[in-house]
1. Among 102, 94, what is the fewest-to-most ranking by other Cβ atoms within 10 Å?
2. I need the shape label for the range 56-104. Rule: rounded when a/c is under 1.5, else prolate if a/b > b/c, else oblate, with a, b, c from the alpha carbon gyration tensor.
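We did not get these values from a lab; they are worked out from the coordinates using the rules stated. In this text, all values refer to a predicted model and were calculated from it rather than measured experimentally. Please note: Cβ atoms are built from the backbone with ideal geometry, for glycine as well, and neighbour counts cover all protein chains shown.
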């Protein structure tokens, strides 16, 4: 009878250890899934932020290009206006010279 009790206690302890190991495995699996999910979400957030930073840099480049284009356009417009003024002045002087030549 004593041997049976020892066997029953041994079997019960093995069953308890197996049950504890199973519960521990389930808890560990649940924790792993939770942390994986959080890491996955964090990865999406970091990727989204990285994409946002890249878009902001592209936007800055577009703004810089537009301002350079505007600056180049204004420089060209100033040069064109100066050439038009010089042409008008030369045309006026030419007409004055023609008038003086034909009057004489």
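1. If I rank by nearby Cβ atoms, fewest first, I get 102, 94.
2. Values: a/c = 12.78, a/b = 11.81, b/c = 1.08.
It is prolate, given that a/c is not under 1.5 and a/b is the larger ratio.
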